[in-house]
Structure formats: structure tokens, C-alpha cells
Amino acid sequence: MDYLRTIETFTAVVKHGSFSAAAEQLGMSRALMTRHVIDLEARIGARLLTRTTRNIALTEIGAEYFKFSQKFLDDLHNAELIARQAQSLPEGLLTVIAPKSFGGSHFSTAVAEFGKLHPKLTVALVLDDEATRSLQISQNDFDVAIRLAPLETKSAAVVRQIGSLKWMLCASPEYIAEHGAPVDLSDLGAHNCLVHTTLAADRIWRLGAARKGVKISGSFQSNSVLAIRRAALAGLGIAQMPTYYISRELAAGRLVPVLPDFPLPPRPVFVLLPANRLIPKKTQLFIRHIAKWYKQSPWEHGLAVASSND
């Protein structure tokens, strides 16, 4: 008995609702289909289907076995697909989801470079803060998602950390010229601090190796790093910003580091993959590309230039 063939036959019968429809789909006789299912039941030692002249129905054991057989066949199909892909250039559609601020800066360049390396691929970069924050998206809607914070609840995704992002305090030279530069954490209380309402909802900044909490206040707040960056560039106050997002401003001197001896804790960068799915070649290649690009940290060049100007 061809065990794989009997599983395929049984699954087809259940999916199509009858032996006749399944036989037509698989291109075999109804008698042979029936023989395969009987052989499978004999091998298992249990009835999988109840059959009448008009319809079929799964037994309790049959329902459980159908779940197994469907997953088994899907996994086998995916494994065969990946094996074939390994012998050829990656092609098809690769959908990548990333937060707007991160995805719209240096990361988009890295994605474009990957697309140039693999011309048979169509790369779709979707910038969506809400999707990467809650992952309320179908497993079939994406191949890779980038997230800049741990998942707060269990999610139907495989999570891999590929590194961490540096954050820093900064302000415009005009603000420093008018208000002076803080030299100690306690000085922050006398400054106008730009508050990110999601990252510092309690109005506390945690800085230094000991992550000492400092209560801050200010006349501007937002849930957008874009808005806070613009406020900082306008000379409104001191901001807490990711270095990937202000590297060009640091290099040009439009923003300057504040309290560099009291660094902010780094924030992790995660790659999320749909669970219960074998990872295709295109996704594996993309993850390796992004991990290599991330280690080079191109945005850190702005920090080096800013430090050399101090």
C-alpha cells in the first residue's frame, strides 16, 4: 500500500465531500479511491468515515486524523517548494512590514538594495506602525515584519532579535545657546523636554548604566518621533530620539548630543515571521541581508561625525 497516496486520497475525499468529486480531482476511479480509504482505516485500526449512499461524514477519530493529514500534506508541499527554490533564483512577491519612522529612513535603502540583488523578486515594503505594534494581520499578508519592541502578548509569529538600536538625548544648537546645556541628570527638570506619549507615558526618562529614572516635563508632546524631531529642530526643547532617525541632523550639526555620559538604554530590533510556515528561500535571503546590513549600522556615521566636531 502507498501510504502517502492513501493520505492524499482520504484528505481529498473529506475536502470535496464525496468519493466521486475527489476521484475526478485526482484522476482515478471511485473504486480505487474507496480501496485507498479502506486500506488507510485498516492501517490505523479505526473507522475514519461513515458512508451512506448519499454522503460521508467524519468520525471523531477521522476528524482528528484529517487535521494531521492536512497539515502533513501542507508541510510536505512547502518542503518540496523550498527544495526547488534552493536550486533556482528567488522569485515571486516578498512583503515586508516595518514601522514608518524606521522603514522610511535607512531601512528602505537596505530593502531597495536587496531588490536590486534579486531582480526576479517583487519586493513590497509596507510602512504601518499599527500592524507592527499589534500584529493584527493575517499570516498570509506578510513574509517579514520588523518590530522595534517586544511583543506584549502571545502572537502567531516567530520572533528573532537581530540587534538593538541606540537612542540619545539631543537638542538644537539654538536651544542650547538660549537655555544652556544640562550637565547632570538633575538639570533636566529645569529644561523643556519633548515627551513621547507612548515611550514615556509616565513622563520618566531612564538614563545611564543604572537606568536612573528622571521625571521630566515640557510644553510639547506627541506619539510620533517625526513630530518630536521637528520640534527639536525648531529649538523647542530636548528630545529623546533613535540615532537612526537623526544621523543626518547630527552630521550636519542641526542637532547636538545632550548628556552623552548618561546614555539611554538600547531598544531591540525584532524580525517577525508567520508561524506554522516553513521559511522560503526568499525570506531566508532577506533576513541574512538585513542582519548583515544592520551590523554595519550606516546611521552611526552621523554619530561619528558629530563626536569629532565636539
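Values quoted throughout were computed directly from the atomic coordinates according to the rules given, and no laboratory measurement underlies them. Computed from a predicted structure; not experimentally measured.
Remarks
- Count, lysine Cα pairs under 30 Å in the stretch 195-298, 8 or more residues apart or across chains: 5
- Kirkwood Rh, Cα atoms: Rg over Rh of the stretch 3-85: 0.99
- Candidate cross-link partners of K67 among the lysines, defined by an alpha-carbon separation under 17 Å and a same-chain spacing of 8 or more, comprise K15.
- Dimensionless Rg over Rh [the chain; C-alpha; Kirkwood]: 1.19
- Per-residue 3J(HN,Hα) values for the stretch 20-33, derived from phi via the Karplus relation 6.51 cos²θ - 1.76 cosθ + 1.60 with θ = phi - 60°, read 5, 5, 5, 4, 5, 5, 8, x, 9, 6, 5, 5, 5, 4 Hz in sequence order (x marks Gly and Pro).
- Residues whose amide H lies under 5 Å from that of T95, counting only those 5 or more places away or on a different chain, are A124, D143, V144; hydrogens are built 1.01 Å from N in the peptide plane.
- Angle between the chain longest axis and helix 243-252 axis [Cα atoms, degrees, rounded to 10]: 40
- On Cα atoms only, tilt of 60-85 relative to the major axis of the chain in degrees: 60
- Relative contact order, percent, the stretch 1-49 [alpha-carbon distance under 8 Å, six or more residues apart]: 39
- Here's the list of aspartates and glutamates a cross-link from K100 could span, going by alpha-carbon distance under 12 Å and ignoring same-chain residues fewer than 8 apart: D128, D129, E130.
- Only helical runs count toward this figure. For the chain, summing -39,500 (n - 2.57) over DSSP H runs of n ≥ 4 and dividing by all residues gives -13500 deg cm²/dmol at 222 nm.
- C-alpha long axis of helix 3-16 to longest principal axis of the chain, angle in °: 80
- Each listed q (0.12, 0.21 Å⁻¹) maps to a log10 I(q)/I(0) for the stretch 160-310 from the Debye sum over equal C-alpha point scatterers, namely -0.56, -1.34.
- Between Q296, Q161, Q25, the Gaussian network model of the chain with springs among Cα atoms under 10 angstrom shows the greatest mean-square fluctuation at Q25.
- For R203, no residue has an amide H sitting under 5 Å from its own, ignoring neighbours fewer than 5 places away on the same chain, with H placed 1.01 Å from N.
- For the chain, the relative contact order works out to 20 percent when only alpha carbon pairs closer than 8 Å and six or more residues apart are counted.
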